Amino acid sequence: MHRILIVSPHRRRLAEFAQSLAEQQGIQVAWAEDGTAAIADVIKHPPLAVIIDHNLPDIPGLDLVRRLLPINAMINTVVISDLSPEDFHDAGEGLGIMAQLPPDPAKSDALEVLSRIRRLSPPAFSQSRK
């Protein structure tokens with residue numbers, strides 16, 4: 001089972017997206033309300049991916065990505081952000097962020113994120129089928 005951590009205090013807004021992830025075979029969705037909880041969770045239960053809301057109550061989403069890198073640089077990170085693609089690229093350059101999602105990601109966004117994760121982490125997915 002592959003664990004994906006969603007970091008956001010906005011469960012309602014992200015419910016469809018999270019449900020779409022959870023419906024996929026071998027995917028477990030976990031939640032953290034803020035960056036502090038996310039860091040503790042990642043240390044205790046390393047996820048395959050962390051999906052981070054840009055506007056967290058304690059730290060900006062991109063700062064959370066920076067804090068996760070020394071913990072485990074191999075975690076796939078995705079950030080939900082309303083920045084323009086150009087501004088997002090500039091702000092996140094060098095952080096290895098896999099993707100930017102819109103503020104209200106839909107089922108199609110969830111499927112695209114999983115597709116990218118599978119392309120980037122094929123050994124993890126082939127091991128889970130055994």
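The table below lists the values:
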read-out: Among (1) within 12 Å of the chain's Cα centre (by Cα); (2) modelled with pLDDT of 95 or more, the one test that A37 misses; value: (1)
read-out: The range 70-105, residues that are assigned to a loop (DSSP other than H, G, I, E, B), in contact with a strand residue (DSSP E or B) (Cβ under 8 Å, 6 or more places away or on another chain) and exposed (fewer than 13 other Cβ atoms within 10 Å of the Cβ); value: P102
read-out: Test for I75: is it among the hydrophobic types (A, V, I, L, M, F, W, C) and modelled with pLDDT of 95 or more; value: no
read-out: So A49, is it of a type in the set (A, V, I, L, M), at pLDDT 95 or above and out of contact with any helix residue (DSSP H, G or I) (no Cβ under 9 Å at 6 or more places or on another chain); value: no
read-out: Residue satisfying all of: in the range 115-130; in contact with a strand residue (DSSP E or B) (Cβ under 7 Å, 6 or more places away or on another chain) and of a type outside the set (G, A, S); modelled with the lowest pLDDT among these; value: L120
read-out: Which numbered condition S8 fails, given (1) under 22 Å from S115 (Cβ atoms); (2) free of Cβ contacts under 8 Å to residues at least 24 places away in the same chain; (3) among the hydroxyl-bearing types (S, T, Y); value: (2)
read-out: Given (1) under 14 Å from the mean Cα position of the chain (by Cα); (2) under 22 Å from R116 (Cα atoms), index of the condition Q25 fails; value: (1)
read-out: Any hit, the range 57-76, residues being within 13 Å of the chain's Cα centre (by Cα) and in contact (Cβ under 8 Å) with a residue 60 or more places away in the chain; value: no
read-out: Verdict on L114 being buried (at least 18 other Cβ atoms within 10 Å of the Cβ) and either within 12 Å of the chain's Cα centre (by Cα) or outside any helix (DSSP H, G or I) (or both); value: yes
read-out: 3 or more residues in contact with a Lys or Arg (Cβ under 9 Å, 6 or more places away or on another chain) and surrounded by 14 or more Cβ atoms within 10 Å (Cβ to Cβ): qualifying strands (runs of 3 or more DSSP E) within the range 1-63; value: 27-32
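The values are calculated or read from the model by the stated rules, or taken from the named source; none is laboratory data. None of the values given here were measured: they were computed from a predicted structure. Glycine also receives a Cβ, built like all others from the backbone with ideal geometry; neighbour counts cover every protein chain displayed.
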